[in-house]
Amino acid sequence: MERAATGLGLAAVILGLGFTAFNVYWALGFRDWLDTVFPAADLPGLAQTLTLPLQWLAIVAKTFAALLGLAAVPAVAGRLDRRLKIGLRSLAWAAAVAIVAWGVSQSAWFWLVKLGQASMAGWTRRAVNGHAYVWDPWFLLWGVALLVALLLSRSSETPVRTRE
């Protein structure tokens, strides 16, 4: 269990930081794949006015959330002060639930759009496909990895009681 928790905790960190790398890329002024996130036709104008502050906010939030995966790695969490460990694990649980909820809801929504059951006026096919195939499933995978890592690492927190 400890090995699986470690692997999934580290996978959650990598998935989160990988996701964050795109925000860094866009915040630095690069525009490749930005049209798979935003539906606007005027991406350069949008990028200069709206996305730059949002990118840096996303970078900070996603980096913090990604690093919360370390709270599920027994070798790391075991070295922390008990109160800090409880606090970080609590934040990690909240993040995992939020990331999974976002990934599920967004993936489902964009697949409904792709299946013609919902409409996204003004959204390009490339933006809808970006969300349906890349961004929202990635969020879901990241959240599930974190959630399962936290579940598996619970057994390493609970002391084993023996009968006397």
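Taken together, the values in this text are just the output of simple stated rules run on the coordinates, not laboratory data. Since this is a predicted model, take the numbers as computed values, not measurements. Cβ coordinates were reconstructed from backbone atoms using ideal geometry, including for glycine residues, and neighbour counts include every protein chain displayed.
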In nanometres, the difference between 0.36 nm per residue of separation and the alpha-carbon distance of I86 and V104 is 3.8 nm
With +1 at each Lys and Arg Cβ and -1 at each Asp and Glu Cβ, the charge dipole magnitude of region 2-157 around its Cα centre, to the nearest 20 debye, comes out at 360 debye
Quick calc: nm separation of the 7 Å Cα→Cβ label points for L52 and V24 -> 2.0 nm
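Please arrange R79, R154 by how many other C-beta atoms lie within 10 Å of their C-beta, fewest to most.
Placing the least packed residue first, the sequence is R79, R154.
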Note to self, the chain gives a 222 nm [θ] from helices alone (DSSP H runs n ≥ 4, -39500 (n - 2.57) apiece, / all residues, nearest 500) of -22000 deg cm²/dmol
With the charge dipole of the chain built from beta-carbon charges (+1 for Lys and Arg, -1 for Asp and Glu) about the Cα centre, the Cα from L140, A96, G78 projecting farthest to the positive end belongs to G78
Per residue, the convex hull enclosing the Cα atoms of the chain spans a volume in Å³ of 125 Å³
The answer for L80, listing residues at least 5 apart or on another chain whose modeled amide H is closer than 5 Å to its amide H, is none
For the pair N129 and Q117, the simple spin-label estimate (label points 7 Å beyond Cα toward Cβ) gives in nm 2.2 nm
